[in-house]
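All remarks here apply to the structure that follows.
Bear in mind that the values in this text are calculations on the coordinates, not laboratory data. Here the structure is a predicted model, which is why all the values come from computation and not from measurement. Positions of Cβ are backbone-derived with ideal geometry, glycine not excepted, and every protein chain shown enters the neighbour counts.
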Amino acid sequence: MTRRTRALLLVLTLFLTAAGCGLSAPGGSDEEPKVTILGPWTDDQERQFKEVLDGFGIPYTYQGTAATREVLLAEVQAGNPPDIAILPGVGELVEYAAERRLMPLSTLYDAKEYGNPWRPRAKGIDDDLWVPLKADLKSIVWYRKDGAEPPGRSPAPLDAWCIGMGDDGSSGWPGSDWIEDLILQSAGPGIYERWATGGLKWTDKRVMKAWTAWAGLLAEDRHAAHKALLDDHRGRVGGHGLLFGGSCELEHQGSFARAFYGDRKEAAAFTDSARLLPGGPYAPKAREVSADFAALFGDSGPARDMIRRLASRDGQEDWGRKGGVFSPNAAVPAKTGAIEKQISGRLAGQGLPLCLDASDVMPAVVRDAFYEAVLLTAAHPDEPVRKRLEDIQKVQDAQPRTPRLTGVCGRPQ
């Protein structure tokens, strides 16, 4: 057999293998049109999400990636967007909505089951172009139940904290969560929303104060700050997260962190973050939350039916059982476990207003500049922060005007 013949056979084999993958895609055969879905969940979360989708009986293909922004942008520019895109923030969806690329979701879910901040709106854009499918609680700190319940030290020093900045698609966001929470707890939800939606300069004294407090925490131990740049926020592969992977005591991480703890998740508890943050202690003023929003780029009947089922009470409850996730839908009953009940109650707005993650409501390029400045601060915590903030402001000022979101903070109905 000649080298060329072997090469041709190899190409043919790869082609047939790729075709075979299509035949085994969940939800049906190649003869049936499939709903194409792009989402942020991979590994175990992807498997759990697919279990929910399989139960709907609608043919589909799902692409999970940590780089949802880059993949979606490439597919849109190529003229082949997915039918449904699920993004970990609504800021990008505002840009697509302004370009009239999104289809309305009217009649596909009951808007009365969602209040602020789960239904942020933008002036001049229909308010039914996205729906949140999954919610997470931030403004919390995890600790091990077998340790001393915090706050033993308020605010906590750097050597008490588990910090990892790494991520597959957007390293730096764990640091942005710190700064967002600091602005929220020190300045309150009104200032926070103005800043998050572009109505307050990055060099405003309240933003400067929060960023300086975080840089001051990192400057306590430059070696530890540099290590945080290299550590993944999920901990070691096959491990039990950062909290159970070393000698640190506290982790400023959202409710999704329990998934990283594996079989030790029942050994973790949480408390409100405000009293432990650098520059504090603060009295809690609001709670930061995040959500994954679904939008329609295609308007086929099966795609609309998929959104309807995902956003329904039954679909949300099923995903909660299979994936342990939390729903922003007020009609979905709270979970029964002790920790789960506490998280559900806070996500329902018990006692305090809720505010969406600020970087998630910013335009994508501003968010990326935010993450970059966070990483630079961790690399050089002793340097003045003003230059970092001026650089982000320049990026924000250079962006074309897009409709500004409202309802980023509020109390669910």
Fewest to most Cβ atoms within 10 Å: 344, 171, 247 sort as 247, 171, 344
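Antiparallel DSSP bridges in the chain: what percent, to the nearest 5? Spell out each step's value before the answer.
Numbers: 24 of 36 bridges.
Approximately 65 percent, going by the DSSP bridge assignments.
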Restricting to lysines and to Cα separations under 22 Å from residue 112, and discarding same-chain partners fewer than 8 apart, the set is 123, 134, 335
Cross-link reach from residue 387 to lysines, straight Cα distance under 19 Å and at least 8 residues apart if same chain, gives 201, 205, 209
The residues 212, 336, 68, 42, sorted from fewest to most surrounding Cβ atoms within 10 Å, come out as 336, 42, 212, 68
Here, residue 406 and residue 263, labelled 7 Å along Cα→Cβ, have an inter-label distance in nm of 5.3 nm
Checking rank on 85-94, 182-191, with mean other Cβ inside 10 Å and highest first, the result is 85-94, 182-191
To the nearest 10 degrees, the tilt of helix 43-54 (Cα long axis) against the first principal axis of the alpha carbons of the chain is 50 degrees
Taking only the alpha-carbon positions of the range 163-234 as identical scatterers, the Debye log10 I(q)/I(0) at q = 0.12, 0.17 Å⁻¹ comes out as -0.36, -0.68
The range 102-218: relative contact order from alpha carbon pairs under 8 Å, six or more residues apart, as a whole percent, is 17 percent
FRET efficiency for residue 397 and residue 219 from the Cβ-Cβ distance with R0 = 30 Å, rounded to 0.05, comes out at 0.55
Listed by chain and number, the aspartates and glutamates with an alpha carbon less than 14 angstrom from that of residue 50, same-chain partners under 8 positions apart left out, are 318
Label model pair residue 226, residue 387: point-to-point distance (7 angstrom along the Cα→beta-carbon line) in nm is 1.8 nm
In nanometres, the difference between 0.36 nm per residue of separation and the alpha-carbon distance of residue 43 and residue 77 is 9.5 nm
Distance in nm between residue 322 and residue 100 label points, each 7 Å along Cα→Cβ, equals 3.7 nm
Relative contact order of the chain (C-alpha contacts under 8 Å, at least 6 apart) in percent is 28 percent
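State which stretch of the chain is the longest one without any exposed trypsin sites (Lys or Arg not before Pro), exposure meaning a DSSP loop state and at most 11 other Cβ atoms within 10 Å. Kindly include the intermediate steps, with their values, before the conclusion.
Values: sites that count: 100, 123, 145, 401.
Here the longest segment lacking exposed loop sites spans 146-400.
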Footprinting proxy, 362, 208, 165: sorted fewest to most Cβ within 10 Å, the residues are 208, 165, 362
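Using a ≥ b ≥ c from the Cα gyration tensor of the range 293-367 (square roots of the eigenvalues), is it rounded, prolate or oblate, where a/c under 1.5 gives rounded and otherwise the larger of a/b and b/c decides, a/b for prolate?
Details: a/c = 2.50, a/b = 1.15, b/c = 2.17.
Judged from the Cα gyration tensor, the range 293-367 comes out oblate (a/c at least 1.5, b/c at or above a/b).
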Under 18 Å by backbone N from the virtual spin label 7 Å along Cα-to-Cβ at residue 283, the residues of the range 353-368 are 353-354
Cα extents of the range 235-291 along the principal axes, largest first, in whole Å, come to 36, 29, 18
Place a point 7 Å from the Cα of residue 380 in the direction of its beta carbon; the residues of the range 194-218 whose amide N falls under 17 Å from it are 212, 215-216, 218
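Please state the shape class of the range 276-413: rounded when a/c is under 1.5, otherwise prolate if a/b exceeds b/c and oblate if not, all from the C-alpha gyration tensor.
Working: a/c = 2.43, a/b = 1.41, b/c = 1.72.
Oblate.
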Normalised per residue, the volume inside the convex hull of the alpha-carbon atoms of the chain in Å³ amounts to 165 Å³
